[in-house]
Each structure stands twice: as C-alpha cells, then as structure tokens.
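Colleague: Got a structure for you, written out below as structure tokens; questions coming shortly.
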Amino acid sequence: MPPTTLLRRTTLAFPRTSTLSTQTRTISAYGYTQSKALTFRDYGDPASVLSLHKHSISPPHGSALTLRFLASPINPADINQIQGVYPSKPTFTTSLGTAHPLAVGGNEGVAEVIALGDAAKQSGFAKGDWVFMRAPGFGTWRTHAAAEAGQLVKLREEAREGISAVQAGTVSVNPCTAYQMLRGFGNLKEGQWFMQNGANSGVGRAAIQLAKVWGYKSINVIRSRTGEDAAQKEEELKEELKAIGADVVITDAELQAREMRDRIKEITNGGRERIGLALNCVSGKPAIAMAKLVGAGADFVTYGAMSKQPLTIPASLLIFKDIRFHGFWVSRWSEQNPEDKVKMVEHVLELTRKGEFRDSPMDEIRWEWETTGEELVEKVAQTLEGYRSGKGVFVFGDSTK
C-alpha cells in the first residue's frame, strides 16, 4: 500500500465548538482534510446521477486554499446543469481521488478559508475569510474544497457584519441578477415604472425590494393558482409581495385579458407614465402579452424561460414600438465584471443590515458530517419536484475533517 494512502487514513478526533453546530472534528495526523461532496459522473436526472463522495484534501501550498463551506443554495440552474441542458458546464475532474472524472453540484455559496499557502496570503486572503466563487462550475455542494486564489472573491470583513452565512451564501445569483437588470437596462429614473413576470421568484422578490429602495414603481405578474382555494392563494401572494414593496400585482390570466390594456392605462396615470423596462423569466405567450404593454422604446430583458416555450416576437413590436429585446445571464456578467459583482454583493448585504432588503423564503437543509447521501439527494429532488415552500439551502455543520 502506498505511503500516501496510509497517511490519508490516519485520523485523530478532537472536539470543536462552532456557531453553526457542535460536532466531532477529525483532522488527519498529517494535515489532510476530509470532505464529502454531492457528485455526478454523467448528466441526467439528479435523483439518478447524484451520489455522496468522500475524499481527502492535502494541505494547501503556494496559491492554494482549503475551504469549509457554510451555506450553498439549490438553484434551478444547478438542476439544469446536472441534467446537461445549462450553457455553463460543470468541471469534471479526477482530483477527488477517483479513476473516472466527477463533477460537484452547485454553483452558488459562501465558504470560509480554513488553511492557505503563502502565495494565497500574499494575494490578500487570510484564515477565517468568507469567499465566493468567481465563476460558475466550481461545485459548491460539498463540505470542503481545495481552491486556487484566482478562483475566489473575498467578502470584506466590514460587509460581513450582522450577516448570516445563509444571507451571504444566497446573495450572488438572484439579488445580483435583479440588481444588474434594473440598473443596466431601461435607464429608469425615480418614479418610473417597470414590469416583470415570475414576480414571486427569488429574482422577482429581489427586484421588487431594490426598486422600492431606488424609487421605481413595479407591475408584477404571478402565475394563476388552481384548485378550490385558488382565489385565496392568489390574494395572499399578492398581499405578500405588496408587503415587500410591490405597487401592482396581477396574475398571468389577468395579464392576457382584453381589459388589461385599459387597466394599465389607468395605473400609469392615463398612460402618461411610461413603462420603460420589462423583466422576463417565463417566455411564451405571457411574455409577449407583457411586451405589448410596455412603452415605445422600452427595454425587454429575458433571463429565463420557465414556461419552456419560445419567445416569438411580433414584428410590430420591433418596427412600430422599437422595443429593444435583450438577454441577460448573470454568470457571464459576473465573470466579465468581478469587481462590480463584489460591490453589488456588498451593497445588497448593506441593505439587508439596514432592513431594506429581506431574504426570500428559505428552507434550510442541515448538512452534518453524518448526513447520508440519500437524504441530500432527496432534498435536491424535492426542489425539482416543487415540494418546497422556499429556496432550498444546504447549511453546513462544523464538519471539518
């Protein structure tokens, strides 16, 4: 048996207390850290291809760092990536100690630096720092990871004050998507209108709250409910969104009704107040119904297609209304603008501290060292099936190994 194999299997147990949980800490006698990760070797349905993999991480040298993850959400894009239908591809690697390349699920999260090499220290990192991934594809559904300094973005100590790991771990995708679309398109001024569908999504809720901070007014479209208590559910959701700053909330059925044009005219002061921006994550016919209601020269930004229907644009909207149609993908924007991304994250966290930005509903999923792979995979599958009241977020216990 090779000496390195013996080294990795030699462990000593020490107790450790953490603000997240109290667990047994096991550190290799030679500095190796044990990690568990939700991995896959082939694309497919998450319930079929995901499995829990345990591996060793060697002590970091040079520009390398060892990370302990604190919180990692389960986003729809993560599911699509595992299925192999997302533009951003995961990193398949044999560095986790397997003969066949594996990829780790998840793209968003916050981790703590627990060890680092000298070059990483010279790059400005220190033990205890909280960090984000600079680009998608790294894999955040794991207890620990080895990373290079160039793969990470540090959250300043001041920005962490009063912020939980869950808040920090869920700020870099949905809130930043809403932030950049509102600021980067439409050239909205205080008091002006924008319109969005998917208003009760993470991005939608973030857009409502950021718009309130900046003085924009919003018309928000939600999906019509079904069943005996559909009307009550719709009304409750409308009131919930209004409570965080929505000005107007309508259903997609109301959006496509004939009388909606007159209602929008009434809402916008007889049509004198222009709707200069539309945010679309649904696509299909409801999206075009929304596009027909915005003002001439407005920006229409698509960042999703939840209906799985194409966005078929009538020529009249291009010719006679001069509506400008755009696509937005926060992953690409973040890679191209890392410094602006950090400033954006810190601004949202500042608003959170002030009470001006509220978390979307969260379903915290505890991931302790003893948590089984079956339990974790089931939680991912529940996200795919929609059996969750809020965004699923893996919250890691003190599982340093």
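Values quoted throughout were computed directly from the atomic coordinates according to the rules given, and no laboratory measurement underlies them. Values in this document were obtained by computation on a predicted structure and should not be read as measured data. Here Cβ is always computed from backbone atoms with ideal geometry, including for glycine, and neighbour counts include all displayed protein chains.
Colleague: To check my understanding: the extent here is largest minus smallest coordinate of the Cα atoms along each principal axis. What are those three numbers for segment 53-155, in Å, largest first?
Modeller: Extents along the principal axes, in whole Å: 39, 31, 20.
Colleague: Then there is this: Using Cα-Cα distances under 8 Å and only pairs 6 or more residues apart, what relative contact order does the chain have, in percent?
Modeller: 18 percent
Colleague: Just to verify a number: FRET efficiency for L318 and Q83, C-beta to C-beta distance, R0 = 35 Å, to 0.05?
Modeller: Efficiency computed from Cβ-Cβ geometry: 0.60.
Colleague: Another question about this same structure. For segment 189-249, just run the numbers: alpha carbon Rg, then divide by 2.2 N^0.38 Å, N being how many residues it has.
Modeller: 1.13
Colleague: So which GluC sites (Glu not before Pro) in segment 188-243 pass both tests, a DSSP loop state and at most 10 other Cβ atoms within 10 Å of the Cβ?
Modeller: Loop-located and lightly packed - E190, E228.
Colleague: Here's another thing I want to ask about it. Considering the chain as a Gaussian network with a 10 Å cut-off on Cα pairs, which listed residue, S56, S283, S123, attains the greatest mean-square fluctuation?
Modeller: Comparing S56, S283, S123 in a Gaussian network model of the chain, the most mobile one is S123.
Colleague: Say we join alpha carbon atoms closer than 10 Å with springs in a Gaussian network model of the chain; which of F125, F325, F300 then has the biggest fluctuation?
Modeller: Result: F325 has the largest fluctuation of those listed.
Colleague: Based only on Cα atoms, what mean projected area does the convex hull of segment 277-321 have, in nm²?
Modeller: Details: hull surface 10.8 nm².
Reported value for the Cα convex hull: 2.7 nm².
Colleague: Can you compute the equivalent ellipsoid semi-axes for segment 174-331, i.e. the square root of 5 times each eigenvalue of the Cα gyration tensor, sorted largest first and rounded to whole Å?
Modeller: Here the semi-axes work out to 21, 18, 17 Å.
Colleague: Rg and Dmax in Å for the chain, alpha carbons only: what are they?
Modeller: Cα radius of gyration and Dmax of the chain are 22.9, 81 Å respectively.
Colleague: So what is the 222 nm mean residue ellipticity for the chain from helices alone, if each DSSP H run of at least 4 adds -39500 (n - 2.57) and you divide by all residues, rounding to the nearest 500 deg cm²/dmol?
Modeller: On the way: 16 runs with 133 residues, N = 401.
Calculated mean residue ellipticity at 222 nm is -9000 deg cm²/dmol.
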